[in-house]
């Protein structure tokens, strides 16, 4: 019988407040950073960074602009 460890991580549909705060602080520290730059400076993956940045934009905590093919994030 295989015993699976307890699942760590987010519950479905909920954001990690720690990650959201970490990404928000990264945008504050580096305004004008692209999604890739925010991800690498925060130490998370691009998809995770994109997800939380979009959630922060919906909450009106950050703003975004398109520069060519990049999305630039500012507070």
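Among 14, 65, 10, 57, which is the only one that is modelled with pLDDT under 90 and surrounded by 10 or more Cβ atoms within 10 Å (Cβ to Cβ)? Going through 14, 65, 10, 57 in turn, just one is modelled with pLDDT under 90 and surrounded by 10 or more Cβ atoms within 10 Å (Cβ to Cβ): 10. The set of residues in the stretch 13-32 that are under 16 Å from residue 74 (Cα atoms) and either in contact with a strand residue (DSSP E or B) (Cβ under 6 Å, 6 or more places away or on another chain) or part of a loop (DSSP other than H, G, I, E, B) (or both) comprises 27, 30, 31, 32. Residues in the stretch 37-50 that are part of a helix (DSSP H, G or I) and in contact (Cβ under 8 Å) with a residue 24 or more places away in the chain: 38, 48, 49.
The values are calculated or read from the model by the stated rules, or taken from the named source; none is laboratory data. The shown structure was predicted, so the numbers you read here are calculated from the model rather than taken from an experiment. A quick note on method: Cβ atoms are made from the backbone with ideal geometry, for glycine too, and the neighbour counts reach across all protein chains shown.
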